[in-house]
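**Student:** Take this structure, written in C-alpha cells, and hold onto it; I'll ask about it next.
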Amino acid sequence: MQLLWRLFRTDWRAGDLRLLFAALFLAVAVITGLAAFIERLQIMLVGESSQFLAADRVLESPRPVDDSWLALADGLQLRQARYLSFQSMAYADDRPQLVSVKAADDAYPLRGLLHYRQTLFGDTRKTVDGPRPGEIWAEARLFSQLGLAIGDTVAVGDGDFVLAAELVSEPDRGAGSISMGPRVLMHWDDIASTGVVQLGSRLSYHYLFAGLPQQLAALEADLLPLLTDSHEWQDLDNSQPTVALALRRAKTFFMLASSIIVILSGIAIAMASSRFSLRHRRHVAVLKTLGATSAVIQRLYFSLLALVASLAIIVAGAAGWLLQEQVLQFAGQALHVDVPPLSPRPFVLGLLTALISLGCFSLPPLWALKNVSAISIFQQQASVLPSFSPQAVLLVLAGILLLLWAYTGNVFIGLLLLGGLAALLLLVTLPAWLLLKRLESSRLQLTGWATLALSNLQRRLRSNALHMALFAISMMLLMVLWGVKNNLFSEWQNQLPPKTPNFFLVNIEQGQLDGVRQWLADGQIDSESLYPMVRGRLVAINGQPVRELVSKEQLKRAGADRELNLSWANELPPDNTLTAGSWHVGDGRQGGVSVESELAQKLAIGLGDTLTFMIGGEQFDSEVASLREVEWDRMRPNFYMLLDQQQLAPFAKTWMTSFWLPAERHGEVSQLLKAFPTVIVIDVDAVIRQIRTIIDHVTLALELVLVFVLAGSLLVLMTTVQNGLAERVRENTVIRALGGTRRLIVGSLLAEFALMGLLAGVLATVFGQIILLVVQARVLTIPLQLHPELWWMAPLGGMLLIGGAGFWSARQVSQVAPMRLLSQQS
C-alpha cells in the first residue's frame, strides 16, 4: 500500500496518471451525462410535441368506454382527461348556426394551453382552465355569423349559456378532422343540459392520457388488445406526422452523435493507457532489479488502475449528472415542460463504460508490463506505440463494439459503426502514408527548423501516418456532425418557408366559388388553387376487400381506415412529384387515379391495380395511373387520391383552398364569413407556431450535443499528440545538448504538427464530404448537396489544433535545461 501510494503521488505529479484519469473521466462523464441528457430531453421534446394532442395518448370512441379501461390508467398513475365532441345548433334571437362543440372536463388539456380573448380580436391570453359550467367560448366566426358580443346568451341544444370569451385555439386543434361550423368549448358538466346525448346521436368521446413513457407503454400493452374497429388510438406519429418526422430525425442525430462519443472515448482511453504503459517500462525494470515478482507488479499496477478508475467514476458521474441537470433545467424553462425524473440507466451505462474501458483498453497494456525484463533497464526502448499490436487493436475494437452495443441496444448498429471505423482507419491511413511518402521523395530545399520538421516526419513515417489518420477521423467526425446539423436546420426551416399558408378555406359550395375568388382578388391575396373535395372510402384493391388484404393496424397507420378526401386536378399540384406512371389527365385513359406513394407502399398498391371506392353508397372502380410523392408539411391542400374528373362529377362536392395573410390583416377574414356564412375558415397559425417552436428547441438540443462531440474529439487529439511527443522529448534533449536553440525546437515541432494538421484536414474534408452525401441520401433522406463552406474549416482547424498542441508541448520541453533533460533520460 505504501508503494502504491508513492507510485500514485509520483505519477500524478509527473502527469502520467492525470492524462489517463482525464481520458477515463471524460469518457464516463460524457457517456453518463449524454445518456441522461438525451433520454430526458427526448421525453421533454415528445412532451412538448404532445401539445398537438393535448395529451400523450388519446382514445377516441363513439360511446363511453368501460370504467375498467380507465381503471387501468389509474393503476398506472397516469393523468387523465376527457371531452365529448358533437355537432349541434346554436341559437341567438332565433338565428340558428351549426356549431362543432367540445365539452371538456376540468383536467383538459393535459398538455399545452388554451388560447382565448376576453374581447373580440383583442389580446390573446393563455390558460389551462377552460370555461366554467354555464359558460361557453366560441370562435370569432360565430360572433360575426350571429351578430354576438362577449356576455351575450347563446342557446346550444336545449341549454342556455353565457358567451364568456372568444376561443382562439386549443392545443389539439389540428389533430382532429375538419369541423363543420364554428368551434365551441363548454364544460363537461353542461352536457346533460344540452340534451344532445340521445339514442342514435353522432358523438365522439375522447379519453386523454399523459405520463412517463414506461407508464404509457404499459397502458398500451393492456388496452390495445381490448379495442375494436370503432375505437381509434392516437399518438404523435399518426396525428402529427410532420412533428413526428422532426423528432425521429433528431433521435437519429442523437444516436449518431452518442455513438461517435463512445468511439472517441474508447480511442482516447486506449491511447492514454498505451502511453502510460510505455513510460512505466523502465519503472518495472527497476522494480524487478529490486526483487519484485511479476505477480507483485501486476497487483501493484492493477491496484493503481483501480484507484484511478474509482476516482474517475465517482467524479465523472457527479460531473455528468450536474452538467445535464443544469442544461435540462434551462431547457425545461424554455420548453415550458417539466424535467422528467432521472432513471438509473445513465449511471449504469457510465459504470459499464468504465468497466469495458478498463478491461479492453487499459488492462492489456498494463498486463504486458509483467513481461518487461530487468535487463531492459540498460536498454533504450524506442519502439513506437508498442501496445498497439494486432491483438491489442482487435481487443480495442471489441471493446468499442461492446460499448456501442450497451449504448444503442442494437448489435447491427454497433457492427455497422465499428465496421465503418475500421474501414475509415484503413482508408485514411493509406493516403496519409502516401502523402508523407511523397514529402520524403520531393527533395525540397529547406534549411533550419523546416529541415528538422521534414526530417521528423520522414523518420517516423508509419507512426505519423497513423497519427494523421486519427487526426483526420476526429476532424471528419466533427465535419460530418456539423454538416448533418446544418442539413437538419436548413431542411426543417425550409419545411415552413416564409408566407406559408396560415388559413384554410373549406366547405366552399359551387355557387360561392366566384365570390370567394373575387374576395381573394380584391384583397390581393395569393392563394393556392381551389380544389374540389369529395368524401369517399377505399373499400377494395383488385376486387379484394381492403380489410382482408391488410390488418386493422396497417390500415390505420396508412390513414385509410376512414373516409378520404378525394379530388381531381388538371395539372400536377405543387409539392407533388411523380414517382411512377404518367399523369392521368389527358392521356386517353379513363378512370385513372393517382395515389400518394407512401400510402401505396403501405397498402401494396402498384401501377395498373384497380381500386374500388364507395361514395354515398355507390361504388366505382379506378385504375392506378401514377404514384406521387407529396410534401405534406407545406400547409397546402394535398390529397391521398386524385381521380379523374368525370368519375367524381356525379357526386356532391365542396371546394377548398389555402392562403397566407399577415397578422395585421387577420380581421379581414370576418368580412368573408359575413358574406359566406357556411364557409369554414381554419386558422393554422397556432399549429405553425408550435411546429416552429419544436424545431427551434430541437436545433438547440443538437448544438448542445455537438459540444460533447467536440470535447471527445479534442481528447483524442490531445492523447495522440502526447503519444507522439514522448519520443520527441528524448530527441530534443540531444538537440539542445548539441547546441540547438529553443527557437529551432519550437519552430520545427510547430511546423511538423501544423503540416500534419493541414494534411489531415484535407483528408477529413474529402472523406467527410463523401460520408455527408451518404448520410443525406440513406439516413436523413434529404436532397443531396455539397458543403463548400466546410472545405476550409478542417484544414485550417487541423493546423491550429494540432499545431497548437505541438507548440504547447514543445514550449514545456524547451524551457527545461538540457542537463536536466539528459539526467531524466539516463
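Every read-out reported here was derived from the displayed coordinates using simple, explicitly stated rules and does not represent laboratory data. Treat the numbers as computed from the prediction; the structure is a model and nothing was measured. As a convention, Cβ positions derive from the backbone with ideal geometry for all residues, glycine included, and neighbour counts pool all protein chains shown.
**Student:** Under 20 Å from a label point 7 Å along Cα→Cβ of Gln544: give me every residue in region 599-616 with its amide N that close.
**Tutor:** Residues 599-614 fall inside that zone.
**Student:** Using a 7 Å offset from the Cα along the Cα-to-Cβ direction at both Asp189 and Gln214, what is the distance between the two label points in nm, to one decimal?
**Tutor:** 3.8
**Student:** If you don't mind, there's one more thing I want to ask. Modelled label-to-label distance, Asp609 and Ala450, 7 Å Cα→beta-carbon offset: nm?
**Tutor:** 7.0
**Student:** Run the simple label-point estimate for Leu796 and Ala149 please: 7 Å along Cα→C-beta, distance reported in nm.
**Tutor:** For the pair Leu796/Ala149, the computed spacing is 6.5 nm.
**Student:** From the phi angles alone, apply the Karplus equation (6.51, -1.76, 1.60; θ = phi - 60°) to region 619-625 and give each ³J(HN,Hα) in whole Hz, x where the residue is Gly or Pro.
**Tutor:** Per residue, the Karplus-derived 3J(HN,Hα) values read 10, 8, 9, 8, 8, 6, 9 Hz.
**Student:** Something else: By how many nm would the segment from Leu394 to Leu342 grow when fully extended, if each residue of separation counts as 0.36 nm and the alpha-carbon distance is taken off?
**Tutor:** 15.2 nm
**Student:** Assuming R0 = 56 Å, what is the FRET efficiency of Leu513 and Glu325, from their Cβ-Cβ distance, to the nearest 0.05?
**Tutor:** Rounded to the nearest 0.05, the efficiency is 0.45.
**Student:** Only residues of region 628-662 count here: report those whose backbone N is under 13 Å from the spot 7 Å along Cα→Cβ of Leu578, or say none.
**Tutor:** 628-629
**Student:** Let me check I've understood the local charge: for Ile541, count other residues with C-beta under 10 angstrom from its C-beta, Lys and Arg +1, Asp and Glu -1. What total comes out?
**Tutor:** Summing Lys and Arg as +1 and Asp and Glu as -1 gives -2.
**Student:** Full-extension gain between Val197 and Asp105, please, as 0.36 nm times their residue separation minus the C-alpha to C-alpha distance.
**Tutor:** My answer for the length gained is 31.5 nm.
**Student:** What FRET efficiency, computed as 1/(1 + (r/R0)^6) with R0 = 51 Å and r the Cβ-Cβ distance, is obtained for Arg9 and Arg743, rounded to the nearest 0.05?
**Tutor:** 0.90
**Student:** I'd like the Karplus ³J(HN,Hα) series for region 472-480: coefficients 6.51, -1.76, 1.60, θ = phi - 60°, whole numbers in Hz, and an x wherever there's a Gly or Pro.
**Tutor:** Running phi through 6.51 cos²θ - 1.76 cosθ + 1.60 with θ = phi - 60° gives 5, 5, 4, 5, 5, 4, 4, 5, 5 Hz.
**Student:** So if we plug the beta-carbon distance of Val162 and Glu60 into 1/(1 + (r/R0)^6) with R0 = 25 Å, what FRET efficiency do we get, rounded to 0.05?
**Tutor:** For R0 = 25 Å, the calculated efficiency reads 0.30.
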